[in-house]
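Novice: One structure follows; several queries about it will come next.
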Amino acid sequence: MDAAIKLENVKKTLGRREVLKGISFTVARGDIFGYLGPNGAGKTTTIRILLGLLRTDSGKLDIMGQDISRSETRKRIGFALDPDGLYDNMTAEENLEFYARIYGLSDYGKQIAGLLEAMGLSDRSKDRVGTYSKGMRQRLALARAMTHDPEVLVLDEPTAGVDPSGQMEVRQIILDAAHKRNKTVFLSSHNLDEVQRICNRIALIDRGEIKLYGETETLRRGMGGGKVTIDTAGDIPQALLDDLKKRPQLGFREFKNRTLLFSPQEGTDISDIISILAGRGIKIEGAARQEASLEEMYSAILKEVEPS
Amino acid sequence: MRDIILIAATSMKNNLRLKIIIAVSIAVILLCVVALIVAFCILAVAPAMEAETIDVHALKVYLTVIVYSSCLIGLGVNMNVFAFQTMTREKSRGNMAALLATPLDVRRIWIAKSLAVYLPGLILGEMLALISLIAVNYVYFVPEVGFLFTPWMAVSGFLAAPLIYLGLSLLVHLIGLTGKPATGNVIVQVFLPVFASLMINLGVHNVLDAASWPFAVTNIGVALTIAVIGVMLRSRLTKERIVLSS
């Protein structure tokens with residue numbers, strides 16, 4: 001895997017609290033990497049370390065194969081943080097011009113106009129940012145992140161506080177950045193649905209430890225085949241229910257209101273369940289399969305690590 | 001240097017758009033300076049001019065103190081208003097973290113932010129010092145004893161007072177950026193009334209000859225002391241401290 005971001009056994013203690021307890025993960029070039037975790041898990045600390053705002057106590061961090069303490073490396077990263085750090089008394093154009101000049105760009109007029117156009121902010125580019133809605137601010141923050149055309153984007157909760165239509169716009173911008181502009185995206189979010197929709201790889205951090213890491217689809221499949229519900233025409237004999245319980249691959253959970261609920265293991269197909277039931281003379285009126293969601297994975301993992 | 005100018009200019013532009021705050025600050029500064037000049041003229045200059053023998057040296061002392069205090073008020077009130085406000089706002093709204101995540105050097109950001117608050121005060125202070133020098137001369141001295149001016153008056157009023165506040169701006173920003181802006185603000189709030197009244201009294205009561213070198217040298221010494229404290233604390237200035245104190 002050609003790594004854009006690589007953390008190896010990174011530890012960080014703030015005050016007396018060990019915020020990161022030796023975390024490791026790799027973000028491949030071109031990934032949209034979702035970084036999940038509850039409040040206080042260590043997400044912000046990780047982002048600050050990625051941006052060179054905090055130093056690691058131990059461990060190794062590479063961004064595009066370089067040390068983050070080098071200013072050349074920081075030029076290869078764009079960021080949108082929470083809070084956004086935009087200057088309220090300046091216009092959108094002035095904010096972007098300022099950052100373009102910080103990154104040493106000289107001919108930035110077209111680049112800025114193009115970004116404002118792509119973010120749908122052209123008609124408000126001369127307005128002060130203080131008059132912008134949260135969604136507009138987030139889009140402007142994303143534009144700022146891309147002003148100097150960096151290879152890696154580090155985005156901290158880019159849709160937090162944004163209304164649903166604004167969230168969709170921001171998501172599309174992130175997807176375009178990754179697919180059309182070839183950026184690697186590191187996205188921290190609380191929004192599991194968002195991460196599931198756009199991230200191809202995820203890591204889940206809790207209490208300073210990575211609890212889950214890998215490709216979103218693989219992880220989801222590894223959690224089992226989701227849920228299978230089968231509606232029957234009548235009651236099921238207890239002997240059959242006992243028999244279903246004895247087959248762990250089926251993951252039989254309950255029979256309620258003439259509906260059987262299963263959480264089958266990987267490799268078990270809905271047709272396997274149906275053929276068993278049909279073979280025992282059960283009349284089936286309907287069957288449905290629901291894939292395991294990231295939300296289920298998330299709650300299952302956090303439940304596992306909760307202290308008893 | 002290019003980075004420092006860029007950040008300072010942008011910060012000043014951002015600050016100067018806070019029109020109500022600027023209007024109130026200028027009104028307060030003008031009120032203070034006019035009150036100071038009027039009080040000095042009524043209580044010291046006018047009686048000295050009416051004496052049988054005019055003591056020109058005493059007049060130079062009064063004028064130096066007026067010029068020096070006018071500059072100090074311009075610089076001091078400006079810093080009282082903007083240093084705390086700017087640091088608090090920029091830290092809480094993420095402007096500072098965003099700047100630190102760029103390739104910029106943390107010391108350049110510190111210097112630029114200090115200059116952004118200092119420079120408008122410098123311009124205002126120098127203008128007030130110049131206006132008070134000319135006004136008092138033409139209202140009181142020119143008809144009787146001519147235009148009064150000494151090189152030491154220029155050093156105290158136009159150089160030493162600004163140097164003190166340059167050092168103070170760097171020091172207060174260092175403290176405010178790496179800790180709580182309110183701590184820096186307390187220093188600024190206390191410094192102006194305490195230091196200005198101390199120096200005015202030392203000058204007027206001839207403990208330090210305000211029209212000559214002792215007053216100017218003492219002020220430059222104070223500026224140097226503040227600068228040395230700033231240099232000693234410079235190692236505190238790290239991205240980590242700034243970010244964690246935000």
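Novice: What is the Cα centroid distance between the stretch A:1-40 and the stretch B:34-99, reported in whole angstrom?
Specialist: 53
Novice: Which of rounded, prolate or oblate describes the stretch B:133-222 when judged by the alpha-carbon gyration tensor and an a/c cut-off of 1.5? Mind showing how you got there, number by number?
Specialist: Values: a/c = 2.62, a/b = 2.40, b/c = 1.09.
Prolate shape, in that a/c is at least 1.5 and a/b is the bigger ratio.
Novice: Follow-up question, since we're still on this one. Whole-Hz Karplus ³J(HN,Hα) for the stretch A:152-161, in order, using 6.51 cos²θ - 1.76 cosθ + 1.60 and θ = phi - 60°, x for Gly and Pro?
Specialist: Going residue by residue, I get 10, 10, 10, 10, 9, 6, x, 10, 4, x Hz, with x marking Gly and Pro.
Novice: Return the percentage of antiparallel bridges among DSSP beta bridges fully within the protein assembly as shown, rounded to the nearest 5 %.
Specialist: Antiparallel: roughly 65 percent of the beta bridges in the protein assembly as shown.
Novice: Which value results when the Cα radius of gyration for the protein assembly as shown is divided by 2.2 N^0.38 Å?
Specialist: 1.37
Novice: Counting pairs of Cα atoms in the stretch A:1-127, how many percent are more than 27 Å apart? Intermediate values should be presented prior to the final figure.
Specialist: Details: 2651 of 8001 pairs.
Everything past 27 Å amounts to 33 percent.
Novice: Related question: Looking at the stretch A:227-290, how many pairs of lysines come closer than 17 Å at the Cα, when each pair is eight or more places apart or spans two chains? If you can, show how the numbers build up before the last one.
Specialist: Details: A:Lys227/A:Lys245; A:Lys227/A:Lys256; A:Lys245/A:Lys256; A:Lys256/A:Lys283.
Value for the stretch A:227-290: 4.
Novice: Let me ask something else. Lys/Arg Cβ at +1, Asp/Glu Cβ at -1, dipole of the protein assembly as shown taken about the Cα centre: which of B:Ile226, B:Leu31, A:Ile47 is farthest positive-ward?
Specialist: A:Ile47
Novice: Also, quick follow-up: Give the share of C-alpha pairs in each 20 angstrom bin for chain A, from 0 to the last occupied bin, in whole percents, shortest bins first.
Specialist: 29, 45, 21, 4
Novice: Could you run the Karplus curve 6.51 cos²θ - 1.76 cosθ + 1.60 with θ = phi - 60° over the stretch A:30-42 and give me ³J(HN,Hα) per residue in whole Hz, x for Gly and Pro?
Specialist: x, 5, 10, 9, x, 10, 10, x, x, 4, x, 6, x
Novice: Set Lys and Arg Cβ to +1 and Asp and Glu Cβ to -1, take the dipole of the protein assembly as shown about its Cα centre, and tell me which of B:Tyr68, A:Phe252, B:Met79 lies farthest positive.
Specialist: In the protein assembly as shown, that residue is A:Phe252.
Novice: Something else about it: Calculate the mean, over all residues of peptide B:91-100, of how many other protein chain Cβ atoms lie within 10 angstrom of the residue's Cβ.
Specialist: 6
Novice: To the nearest 20 debye, what is the magnitude of the charge dipole of the stretch B:2-245 about its Cα centre, counting +1 on the Cβ of each Lys and Arg and -1 on the Cβ of each Asp and Glu?
Specialist: 1560
Novice: Going through the cross-link list A:Lys60/B:Lys239; A:Lys211/B:Lys239; A:Lys126/B:Lys113; A:Lys110/A:Lys134; A:Lys126/B:Lys19; A:Lys6/A:Lys183, which pairs have a Cα-Cα distance over 22 Å in this structure?
Specialist: On the way: A:Lys60/B:Lys239 19 Å; A:Lys211/B:Lys239 29 Å; A:Lys126/B:Lys113 25 Å; A:Lys110/A:Lys134 25 Å; A:Lys126/B:Lys19 19 Å; A:Lys6/A:Lys183 16 Å.
With Cα atoms farther than 22 Å apart: A:Lys211/B:Lys239; A:Lys126/B:Lys113; A:Lys110/A:Lys134.
Novice: Another question about this same structure. Could you list which residues have their amide H under 5 Å from that of A:Ala4, counting only those 5 or more apart in sequence or on another chain, with H placed in the peptide plane?
Specialist: For A:Ala4, whose amide H was placed from the backbone, the distant partners under 5 Å are A:Val27, A:Ala28, A:Arg29.
Novice: If the only charges are +1 at each Lys and Arg Cβ and -1 at each Asp and Glu Cβ, what is the size of the charge dipole of the protein assembly as shown around the Cα centre, to the nearest 20 debye?
Specialist: Details: 61 positive and 55 negative charges, 174 e Å.
Rounded to the nearest 20 debye, it is 840 debye.
Novice: If I take R0 = 41 Å and measure r between the Cβ atoms of B:Phe195 and B:Thr53 in this structure, what FRET efficiency does the formula 1/(1 + (r/R0)^6) give, to the nearest 0.05?
Specialist: On the way: r = 34 Å, r/R0 = 0.82.
So the FRET efficiency works out to roughly 0.75.
Novice: I've got another one for you. Please report, in debye to the nearest 20, how large the charge dipole of the stretch A:171-241 is about its Cα centre when each Lys and Arg carries +1 at its beta carbon and each Asp and Glu carries -1 there.
Specialist: 460
Novice: Still on this structure, please answer the following. Across bins of 10 angstrom width beginning at 0, how are the C-alpha pair distances of chain B distributed, in whole percent?
Specialist: 7, 31, 31, 18, 9, 3, 0
Novice: Now, a different point. Residues with amide H under 5 Å of A:Ile205's amide H, sequence separation 5 or more or different chain, H placed in the peptide plane at 1.01 Å from N; which?
Specialist: A:Leu36, A:Gly37, A:Lys211
Novice: Write down Rg/Rh for the stretch A:227-290, rounded to two decimals, with Rg from the C-alpha atoms and Rh from the Kirkwood relation over Cα pairs.
Specialist: 0.90
Novice: Sorted by average packing, counted as other Cβ atoms within 10 angstrom per residue and highest first, what order do B:38-49, A:10-21, B:84-95 take? Write down the numbers at each step before the final one.
Specialist: On the way: B:38-49: 14.5, A:10-21: 16.0, B:84-95: 19.3.
So the order, starting with the most tightly packed, is B:84-95, A:10-21, B:38-49.
Novice: Take every DSSP beta bridge whose two residues both sit in the stretch A:3-221, then give the antiparallel share in percent to the nearest 5.
Specialist: 55
Each value in this text was obtained by applying a stated rule to the coordinates, not by laboratory testing. Remember, predicted model here, so these are calculated numbers, not experimental data. Cβ: placed from backbone, ideal geometry, glycine included. Neighbour counts: every protein chain shown.
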